[in-house]
Each structure stands twice: as C-alpha cells, then as structure tokens.
Amino acid sequence: MDQKPALLNTLEPGQLVPFDVRPVLSGGTDPLQQILAKISGLREGQVLQLINSFKPMPLISLLMKKGYSSYTEVINEQLIHTYFFKDDGNTLTGPAEAENKPDDWESVEQRFNGKTRVTDVRQLEMPGPMLTILSELEKLPDGEALFVFHKKIPVYLLPELSERKFDYRIREIREGDVHLLIFHK
C-alpha cells in the first residue's frame with residue numbers, strides 16, 4: 001500500500017497499539033510470537049503500530065494471508081513504522097489467504113495421503129530449518145508433499161516458497177509445535 005490509508009489519519013485514542021520490537025531484536029530474540037499475540041489481541045477498529053529499524057516483509061506477507069492490510073512509513077533510516085489493520089471487509093483477499101484456511105488442511109492432507117515425505121527441523125539452530133526444508137524440496141517429486149515439524153511459523157521461508165513455485169498449509173498445534181505441508185503449485 002503506497003498511499004497512507006485514511007483510516008490511519010482518523011484514529012481515536014486507544015485505537016493505535018504501538019509495539020517497539022527493536023529492544024526485543026537487540027536482545028537476540030525473534031519477536032514473531034509477541035507480534036502474533038498483539039495481533040490476536042487487537043479489538044475491532046484497533047491498529048498495530050510496529051516500530052522497527054527495517055520493513056518486515058516476511059511478516060507483512062504472513063499477516064496479509066491472515067486478512068490484515070499494512071502500511072509502512074519510513075520516519076528516517078533507523079526508524080520505520082509498519083501499521084497492521086483490518087479493512088472492515090474491504091481488503092482484497094487473494095488466493096493465498098483462502099489456501100491457508102485451517103479447514104483446508106484436511107483436504108490437502110488427504111490429497112497427499114501416502115505421498116508425503118517427513119522432516120523434523122524443531123531441534124535445528126537457525127538457519128538450519130530453512131536450509132533443510134529447501135534441500136528436501138529440491139528432491140521432492142511432483143505429486144508428493146513435504147510434511148514439516150517446526151517450532152514456529154517460518155516467516156522467512158514463506159516468500160521463498162512462493163518464488164520457487166511451492167504452495168503450503170500451516171497448522172499451529174501449540175506454541176513450539178507447528179506443522180507445514182509444502183507441495184508443488
């Protein structure tokens with residue numbers, strides 16, 4: 001979104017929920033789970049203002065698939081604000097959003113029943129999970145899927161999957177336990 005949405009110019013006190021992730025990142029922690037908790041805690045009409053030093057492209061893609069629009073404002077070279085919000089149903093939904101509906105997991109799982117390879121990357125240190133998954137996908141024949149046990153949603157992997165013409169489904173079982181099904185588009 002290039003032009004600042006009118007919604008952001010008309011926010012009332014309490015509608016803007018700021019979250020500065022710079023201290024979290026400088027402490028060596030990935031703030032994804034905290035961001036997702038903030039997003040899921042938003043009430044209708046509220047906007048999450050993510051304060052960072054870079055534009056969080058993988059996060060924007062991930063939240064877009066969950067029905068959120070975003071707008072990024074560059075304050076200066078070291079300060080970037082990214083706003084996440086629902087558009088009162090006016091957001092255009094692309095096929096990727098429909099593809100990752102939880103109820104769609106079962107149909108994809110059935111489609112690849114007996115044609116699934118499995119990998120578990122939960123114990124690997126970064127960037128091991130992403131490298132392992134991409135390596136497995138290079139060997140994945142058409143008509144088969146890769147089932148991945150992961151400890152979190154791999155936000156940096158998702159754009160890479162699209163570029164390599166793979167589709168995926170994600171199922172969050174509980175914190176620290178995420179399942180992915182990845183397959184050729």
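Quick note: the coordinates plus some simple rules give every number you see, no bench work behind them. A quick note: this is a predicted structure, and the numbers were derived from the prediction, not measured. Heads up, the Cβs are rebuilt from the backbone with ideal geometry, glycines too, and the neighbour counts pull from every protein chain shown.
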Hey, can you grab everything whose amide H is under 5 Å from the amide H of T116? Only 5+ residues off in sequence or another chain; H modelled, so Pro and N-termini drop out. A145
If one puts a single equal scatterer on every Cα of the chain and applies the Debye formula without solvent, what log₁₀ I(q)/I(0) results at q = 0.10, 0.13 Å⁻¹? -0.45, -0.75
5 Å is the cut-off here: which amide hydrogens, built 1.01 Å from N in the peptide plane, fall below it relative to I80, excluding neighbours closer than 5 in sequence? N52, S53, F54, I75
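Using the count of nearby Cβ atoms within 10 Å as a rough guide to exposure, how do R117, R169 rank from fewest to most? Please report the intermediate quantities before stating the final value.
Numbers: R117 16, R169 20.
Listing R117, R169 from fewest to most nearby Cβ atoms yields R117, R169.
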Which aspartates and glutamates, if any, have their Cα less than 12 Å from the Cα of K86, not counting same-chain residues under 8 positions apart? E44
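Among the helices of the chain (complete DSSP H runs), which have Cα atoms covering no less than 30 Å along the helix axis and a Kyte-Doolittle mean of at least 1.0?
Values: long enough: none.
Length and hydropathy pass: none found.
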